[in-house]
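Here's the structure, in structure tokens; my notes come after.
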Amino acid sequence: MTPSEPPAGAPARPWLLRERRGVRPTTSTELFFDLVFIFTITQLSHYLIEHPDWRGAGHTALLLALVWFVWVYTTWLTNWLDPDRGPVRAMLIGVALCSLLLSAAIPQAFAGTGLLFAVVYVTVQVGRTIFALWAVRGTPWLVDGFQKSLPWIVGTSVLMVVGGLVGGAAREALWATVVVLDVVGLLIGYPLPKRGRSRPERWMVEGGHLAERSSAFVLIALGESILVTGTTFTSHVNVVMSGAFLMAFAGSVALWWVYFARTAPAATQVIAQAGERTGALSRVAFNYLHPVIVAGVIVTSAGDERLLREPGAPTTTVTALLTLGGPALFLAGHAAYMAVLWRTVPTSRIAAVVVLLALMPVCVALKAAAAVCAAAALAVTVAVILADRSQARRGVQ
């Protein structure tokens, strides 16, 4: 929590506001809300598995960004509002239901269910913001941000619906524009003529809570990758597949270890004590960087599914991109996250990304078995873990 007190105001509904006393624990309501996104990550993973090309990867990234906006902005709202109060709980359940509909529309989002995806997305984004304005009325430091963001959200909502009505490249372009405008709008504080912009130092964010919530989402993504691995393994149970299954599981454990063993609790503490920098740090760390980390898990999950289907098959470009690119994307996102919070250069993660990228053409040129490619990715990730442990012994973050 920021050390300064919120600007004076008389909230119309103070009982809806969350108590601001240190890092507040995640409530069961928030955890229930998160459960919906297990299905979402599964849908995204399967979409990438079924569309293993550059266009499929672009579609997956675009859908992940839009879904992430739904989750992260709802999480920001519950940073200020008490999830266990009746109206807030009802809002979360409503967003959870809409998120299920969004997830159901993912497989055909760039085909027949595009309009459904767009309408549900718009309903969540606009509806949640209007609810927020009702809930925080009389609290200047919150009302200002929501009032300035609403016109931007309405504008991008129009683009989303138009994108749902058209198809092909036009839909891709319009939805990509929505993502860009959302990223830029938040970055510059949703400026409005004669109204100025919303300044992050006035957001009064409880950063530790956002850190814990984002960590929970990463855990959900990792859990989904294990689910995909287990489901694929059950249809091909034999000695060879058992070895591939153990390697895929070890890969998931390694990614978990990199994120959670040391940096996750330390990050919660750092951002909880960031003072006026908390809003700006949270914007970069959670809105911009965590979806990259989650994307790394999704790509890795698709690579594990490919590994379990054909562990002895020669490594193709697609296999290399999934098997080595997934951990590389995860480590790159985590390196950026650490750099933002600690203002240091996470050399072990950067070196690991370089090695993983360099291994891609090597594995393809040598036509190494997919299992060999996966083993190389695991070895590089374990090397990062060992480097972390070495730094911990020396007292270095």
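The values are calculated or read from the model by the stated rules, or taken from the named source; none is laboratory data. Small disclaimer: the values here were computed from a predicted structure and weren't measured. In this analysis, Cβ positions are derived from the backbone assuming ideal geometry, glycine residues included, and neighbour counts consider all displayed protein chains. The protein model used for the area step is the full one, side chains on, heavy atoms only, and it has no ligands, DNA or RNA in it. Shrake-Rupley method; radii C 1.70, N 1.55, O 1.52, S 1.80 Å.
Between Ala132, Ala109, Ala12, which gets the highest mean-square fluctuation from a Gaussian network model of the chain, Cα cutoff 10 Å?
The residue that fluctuates most here is Ala12.
At a 1.4 Å probe, what is the % contribution of carbon and sulfur to the accessible area of the chain? Working shown, then result.
Values: 11250 of 16110 Å².
Ligands and nucleic acids excluded, carbon and sulfur reach 70 percent.
Mind pulling the angle between the C-alpha long axis of helix 325-342 and the longest principal axis of the chain? Nearest 10 degrees, somewhere in 0 to 90.
That works out to roughly 40 degrees.
Among Gly303, Gly168, Gly58, which one shows the biggest mean-square fluctuation in a GNM of the chain, springs joining Cα atoms closer than 10 Å?
Among Gly303, Gly168, Gly58, the largest GNM mean-square fluctuation belongs to Gly168.
Determine the shape class of region 1-110: with a ≥ b ≥ c the square roots of the Cα gyration tensor eigenvalues, call it rounded for a/c under 1.5, and otherwise prolate if a/b is greater than b/c, oblate otherwise. Before the final figure, lay out each step's value.
Values: a/c = 3.00, a/b = 2.31, b/c = 1.30.
The shape class here is prolate.
Helix 370-393 versus the longest principal axis of the chain: what angle, 0 to 90°, nearest 10, using Cα atoms?
On a 0 to 90 degree scale, this one is about 60.
Rolling a 1.4 angstrom probe over the protein heavy atoms, how many square angstrom per residue are accessible across the chain? All intermediate terms of the calculation are to be shown ahead of the outcome.
Details: 16110 Å² over 397 residues.
With all protein chains present, the chain gives 41 Å² per residue.
Using a 1.4 angstrom probe on the protein heavy atoms only, line up Trp141, Trp54, Trp256 by accessible area, largest first. Let's see the in-between values first.
On the way: Trp141 25, Trp54 200, Trp256 105 Å².
Accessible-area ranking of Trp141, Trp54, Trp256, largest first: Trp54, Trp256, Trp141.
Given springs between every Cα pair under 10 Å in a Gaussian network model of the chain, which of Asp144, Asp53, Asp34 has the largest fluctuation?
Most flexible of the set in this elastic network: Asp53.
What whole-number distance in Å separates the alpha-carbon centres of region 162-191 and region 356-389?
The two parts, judged by their Cα centres, are 36 Å apart.
What is the Cα convex hull volume of region 190-273 when expressed per residue in Å³? The partial results should precede the final answer.
Numbers: hull volume 9.2 nm³, N = 84.
Measuring per residue, one finds 109 Å³ for the Cα hull of region 190-273.
Scan the chain and report its longest stretch carrying no trypsin sites (Lys or Arg not before Pro) that are both in a DSSP loop and have at most 12 other Cβ atoms within 10 Å.
That gives 22-193 as the longest site-free run.
Between region 199-260 and region 270-311, what's the alpha-carbon centroid distance in Å?
10 Å
Going by alpha carbons, how many degrees (0 to 90, nearest 10) lie between the helix axis of 86-105 and the longest principal axis of the chain?
Helix 86-105 sits roughly 40 degrees off the main axis of the chain.
Between [x] 42.6; [y] 19.6; [z] 30.5, which entry matches mean projected area of the Cα convex hull in nm² as derived from the coordinates of this structure?
Calculated mean projected area of the Cα convex hull in nm²: the matching label is [y].
Evaluate the relative contact order of region 115-196 (contact order divided by residue number), counting alpha-carbon pairs under 8 angstrom at least 6 apart; express in whole percent. If you can, show how the numbers build up before the last one.
Working: 61 pairs, mean separation 26.9, N = 82.
Rounded, it is 33 percent for region 115-196.
Give the ranking of Phe32, Phe233, Phe249 by solvent-accessible surface, highest area first, calculated with a 1.4 Å probe. Write down the numbers at each step before the final one.
Details: Phe32 120, Phe233 35, Phe249 95 Å².
Final ranking, largest accessible area leading: Phe32, Phe249, Phe233.
For a test of the definition: using alpha carbon positions, the gyration tensor, and the 1.5 limit on a/c, classify region 103-248 as rounded, prolate or oblate. Numbers along the way, then the final one.
On the way: a/c = 2.96, a/b = 1.61, b/c = 1.84.
Oblate.
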